[in-house]
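Below is one structure, written out as structure tokens; the observations come after it.
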Amino acid sequence: MTDYTKYLGIKHDYQSINCITLIEKIYKEELNSEVFQSLWTHLNLSEGKPLEGRRWKFKVTLEKIEEWVNLNAIKVDLTEIEEYDVMLFKSKKNRPIHFGMYTTNNSFIHVEEETSSRITALNQEWRDQIHFILRRKDW
């Protein structure tokens, strides 16, 4: 089990830390995996650094993310969730809006706009927003 304290309190910044780059950092440092680096290329976004700020999300579609998932991960059910599984959250309009990574004890680590990274309980409000949960194929 990873000690997540070193990943807490990191301030959100589109140019350095956003919801995906936080997970990318954890995967690289804790699992020696660079699987999430290919997501940026697949989405046609340079190295996780969306230059237009929040507008980058409007260019990203669930279909494009699912294409990447089909190549790099498998989908798992919420009842099978494990540490390091990644959740894609969607808006009421079915747009991808946020990524978080399951830690343990019904919690996940993430960073939202204008906040710092933190661990949050995976309560019903968050569960209702899950589009899918993915796990690396090589596990």
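Candidates in region 32-41 are the residues that are more than 15 Å from MET87 (Cα to Cα), free of Cβ contacts under 8 Å to residues at least 60 places away in the same chain and not β-branched (Val, Ile, Thr); of these, the one that is most open to solvent (accessible area, probe 1.4 Å) is ASN32. For region 85-96, filtered to residues that are open to solvent by less than 20 Å² (accessible area, probe 1.4 Å) and either of a type outside the set (Phe, Trp, Tyr) or within 12 Å of LEU134 (Cβ to Cβ) (or both), the residue that is modelled with the lowest pLDDT is PRO96. Anything in region 1-32 that is out of contact with any Pro (no Cβ under 6 Å at 6 or more places or on another chain) and part of a loop (DSSP other than H, G, I, E, B)? List them, or say none. Residues satisfying the conditions are MET1, THR2, ASP3, LEU8, GLY9, ILE10, HIS12, GLN15, SER16, ASN18, ASN32.
For region 115-129, which residues satisfy the criterion of being closer than 19 Å to ILE26 by Cβ, not charged (D, E, K, R) and not in a loop (DSSP other than H, G, I, E, B)?
Correct list: SER116, ILE119, THR120, ALA121, TRP126.
Candidates are the residues of region 2-22 that are at pLDDT 95 or above and β-branched (Val, Ile, Thr); the one that is surrounded by the fewest Cβ atoms within 10 Å (Cβ to Cβ) is THR5.
Just to be sure before I move on: is GLU114 within 16 Å of ASP13 (Cα to Cα), surrounded by fewer than 16 Cβ atoms within 10 Å (Cβ to Cβ), at pLDDT 85 or above and over 16 Å from the mean Cα position of the chain (by Cα) in the structure I sent?
Considered against the rule, which asks whether it is within 16 Å of ASP13 (Cα to Cα), surrounded by fewer than 16 Cβ atoms within 10 Å (Cβ to Cβ), at pLDDT 85 or above and over 16 Å from the mean Cα position of the chain (by Cα), GLU114 comes out as yes.
Selection of region 40-84 for residues being at pLDDT 80 or above, part of a helix (DSSP H, G or I) and under 17 Å from TYR27 (Cβ atoms) yields ILE65, TRP68, VAL69, LEU71, ASN72. Taking every residue in region 1-20 that is closer than 12 Å to GLU113 by Cα and without any contact (Cβ under 8 Å) to a residue 60 or more places away in the chain and pairing it with any residue that is of a type in the set (Asp, Glu) and part of a helix (DSSP H, G or I), at least 6 positions away or on another chain, yields no pair with a Cβ-Cβ distance below 8 Å. Take the conditions (1) modelled with pLDDT of 90 or more; (2) touching a helix residue (DSSP H, G or I) at 6+ places or on another chain (Cβ under 7 Å); (3) part of a loop (DSSP other than H, G, I, E, B); PHE99 misses just one of them, which is (3).
The values are calculated or read from the model by the stated rules, or taken from the named source; none is laboratory data. Keep in mind that what you see is a predicted model, and the values were worked out from it rather than measured. Cβ atoms come from the backbone with ideal geometry, glycine included; neighbour counts cover every protein chain shown. The protein model used for the area step is the full one, side chains on, heavy atoms only, and it has no ligands, DNA or RNA in it. Shrake-Rupley method; radii C 1.70, N 1.55, O 1.52, S 1.80 Å.
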